Amino acid sequence: MGWFMKEHDIFVGSILDELNLRFAPSQGIDSLQGGVEELAELQTEFKLFKKGRTFKTSCAALNLCARNNEAKNRWFKYLTSLQKHESNVKGLDGDQAIVAAIVKNFGVAKPLPIFFTSHDMRGDKANAQVRITGISRPIHYLEQDYLTISLPMQPQLAVKKPTTRK
């Protein structure tokens, strides 16, 4: 994750896991309510995700990524930076595309669970985009459709260091 997470890069996988559990498919039992169905109810009640509100703010309201404050704060800086990234959704930056996709998803009768992943942003300019994929099956062992959101990332060593003058 480079510039933002630095020595906290090791937390990226668990942060993505936390997002994936929060936006997961329902387990189908009332006593195990959670995941996307619970979030859909919260969205109806509180409009946690809406145009003009950042994805970072909605994550903070849901208390996501709060196990390690330094890693959380760096992750939130990364999420804020997505406003500077393009997306594969015409006319929307990366942050706007994520929020729009989530709002649209929660606007249907049976919202899809959402799977968060990452991709290597090095190389082609398109790699630096936030990628939104409508209906996909990102988890090979689950016969479950998802909305997939892929975040551009790169290792810390790939970040260009500013040159200093002597």
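The values are calculated or read from the model by the stated rules, or taken from the named source; none is laboratory data. No experiment lies behind these values; they were computed from the predicted model shown. With ideal geometry, Cβ positions are generated from the backbone for all residues, glycine too; neighbour counts draw on all protein chains shown. In case anyone asks, the SASA skips ligands and DNA or RNA and just uses the protein heavy atoms, side chains included. Shrake-Rupley method; radii C 1.70, N 1.55, O 1.52, S 1.80 Å.
The listed residues are Arg122, Arg74, Arg131, Arg67, and the only one of them that is buried (at least 20 other Cβ atoms within 10 Å of the Cβ) and under 23 Å from Val12 (Cα atoms) turns out to be Arg74. Of everything in region 42-64 that is farther than 22 Å from Ser14 by Cβ and of a type in the set (Phe, Trp, Tyr), the residue that is most open to solvent (accessible area, probe 1.4 Å) is Phe46. Applying the condition of being hydrophobic (A, V, I, L, M, F, W, C) and at pLDDT 95 or above to region 110-127 and asking which residue is farthest from the chain's Cα centre (by Cα) yields Leu112. Name the pairs whose Cβ atoms lie under 6 Å apart, with the first residue in region 65-79 and in contact (Cβ under 8 Å) with a residue 12 or more places away in the chain and more than 11 Å from Glu18 (Cβ to Cβ), the second open to solvent by less than 50 Å² (accessible area, probe 1.4 Å) and not in a helix (DSSP H, G or I), and 6 or more positions between them or separate chains? Close Cβ pairs (under 6 Å, with a partner that is open to solvent by less than 50 Å² (accessible area, probe 1.4 Å) and not in a helix (DSSP H, G or I)) amount to Arg74/Met5. Could you tell me how many of the residues in region 102-119 are open to solvent by less than 60 Å² (accessible area, probe 1.4 Å) and outside any strand (DSSP E or B)? Of the residues in region 102-119, 7 are open to solvent by less than 60 Å² (accessible area, probe 1.4 Å) and outside any strand (DSSP E or B).
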